[in-house]
Amino acid sequence: VHQVGRDNGPGSCRIIQTRGQPTKGVAPQCILLHESPLPAPAPLRLKSMQAPWHIGYGDPPSSEPPAYSDTLDIGTWKTIKWMSYAPNCLVTRIAQEHNADDALLLAADGRVLDGPNFAVGFVTGGCLRLVDAGKNRMLPSCTQMLVAHAAKVAGLPVVEASIHIDEARQAVAGFAMSATRHVLPISSIDGHDLQLQNSFLCDLQAAYWRVVEEEIRAQDPMAGAQQMMAMGMF
């Protein structure tokens with residue numbers, strides 16, 4: 001991955017690992033695809049809709065969620081996210097047909113899960129609230145882990161728990177989190193407007209980029225400045 005970055009410059013790297021087919025003499029492969037930086041995305045307008053393909057859709061929150069660092073045997077997984085993108089692509093299309101940018105996925109009882117390919121968080125009750133992936137039986141988001149760490153380093157109040165769609169609609173602000181969106185403001189949920197310049201959200205974005213820059217510089221001092229310039233942070 002480091003070499004791909006050095007050869008191609010700032011951007012993102014998509015890693016595709018195939019399992020091969022040993023019985024047919026096809027060896028496993030690891031493919032690295034470099035993507036140049038995209039223009040900064042606009043704040044998201046989300047439409048909520050139920051996600052029955054999620055394993056946590058009809059189950060109550062887990063009382064004993066596994067820690068992020070736990071190694072779980074495939075036969076005893078307690079938290080999983082459906083890895084087929086067909087339903088995810090469909091709900092994005094449906095959301096866009098209803099004048100939104102993307103979908104906000106819900107459990108049967110109205111708990112917020114995530115987006116089709118991003119995690120979500122909210123500013124409500126005087127703190128940052130992130131959806132607890134383990135309790136909601138989902139695959140943890142790497143970007144959310146980084147966001148939670150950045151918030152704690154910056155001294156921002158942050159909790160990971162469950163949040164109902166009614167609470168999300170009444171939140172002061174909201175944000176999507178992913179490797180390509182980073183910390184992206186949510187402008188509305190089901191037509192309910194959220195603040196884009198909320199102080200908590202702005203402080204979180206600044207804290208996130210400080211941690212990202214520190215991690216990049218730790219790997220390659222010169223790459224840190226190049227990456228931040230490419231993302232428009234300088």
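Residue-by-condition table, conditions (1) assigned to a helix (DSSP H, G or I); (2) not hydrophobic (A, V, I, L, M, F, W, C):
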{"site": "88", "(1), (2)": "yes, yes"}
{"site": "92", "(1), (2)": "yes, yes"}
{"site": "100", "(1), (2)": "no, no"}
{"site": "105", "(1), (2)": "no, no"}
{"site": "108", "(1), (2)": "no, no"}
{"site": "115", "(1), (2)": "no, yes"}
{"site": "135", "(1), (2)": "no, yes"}
{"site": "138", "(1), (2)": "no, no"}
{"site": "143", "(1), (2)": "yes, yes"}
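Quick one: is residue 169 touching a His at 6+ places or on another chain (Cβ under 6 Å) and of a type outside the set (Asp, Glu)? Considered against the rule, which asks whether it is touching a His at 6+ places or on another chain (Cβ under 6 Å) and of a type outside the set (Asp, Glu), residue 169 comes out as yes. Selection of strands (runs of 3 or more DSSP E) fully inside the range 154-217 by the criterion of at least 2 residues being under 22 Å from residue 105 (Cβ atoms), out of contact with any Asp or Glu (no Cβ under 6 Å at 6 or more places or on another chain) and among the hydroxyl-bearing types (Ser, Thr, Tyr) returns 182-189.
Of the set (1) at pLDDT below 80; (2) surrounded by 15 or more Cβ atoms within 10 Å (Cβ to Cβ); (3) not small (Gly, Ala, Ser), all apply to residue 61 but (1). For the range 142-160, what are the residues that are among the small types (Gly, Ala, Ser) and open to solvent by less than 30 Å² (accessible area, probe 1.4 Å)? Passing the criteria: 148, 150, 151. Hey, any hits in the range 26-42 for a residue that's assigned to a loop (DSSP other than H, G, I, E, B), loosely packed, with under 11 Cβ neighbours inside 10 Å and on the phi > 0 side of the Ramachandran plot? There is no residue in the range 26-42 that is assigned to a loop (DSSP other than H, G, I, E, B), loosely packed, with under 11 Cβ neighbours inside 10 Å and on the phi > 0 side of the Ramachandran plot. Just one of the numbered conditions (1) small (Gly, Ala, Ser); (2) at pLDDT below 75; (3) more than 25 Å from residue 175 (Cα to Cα) is not true of residue 5: (2). Just one of the listed residues (117, 99, 136) is touching an Asp or Glu at 6+ places or on another chain (Cβ under 9 Å) and open to solvent by 60 Å² or more (accessible area, probe 1.4 Å), namely 117.
Note on the range 161-170: residues that are surrounded by fewer than 21 Cβ atoms within 10 Å (Cβ to Cβ) and either under 13 Å from residue 206 (Cα atoms) or of a type in the set (Gly, Ala, Ser) (or both) amount to 2. Considering only the range 34-49, I want to know if a residue exists there that is among the basic types (Lys, Arg) and at pLDDT 85 or above. Yes, because at least one residue in the range 34-49 is among the basic types (Lys, Arg) and at pLDDT 85 or above.
The values are calculated or read from the model by the stated rules, or taken from the named source; none is laboratory data. Note that the coordinates shown come from a computational prediction; the quantities given were computed from them, not determined experimentally. No Cβ is skipped: glycine too gets one built from the backbone with ideal geometry, and neighbour counts run over all protein chains shown. Surface accessibility is based on the protein's heavy atoms, side chains included, excluding ligands, DNA and RNA. Shrake-Rupley method; radii C 1.70, N 1.55, O 1.52, S 1.80 Å.
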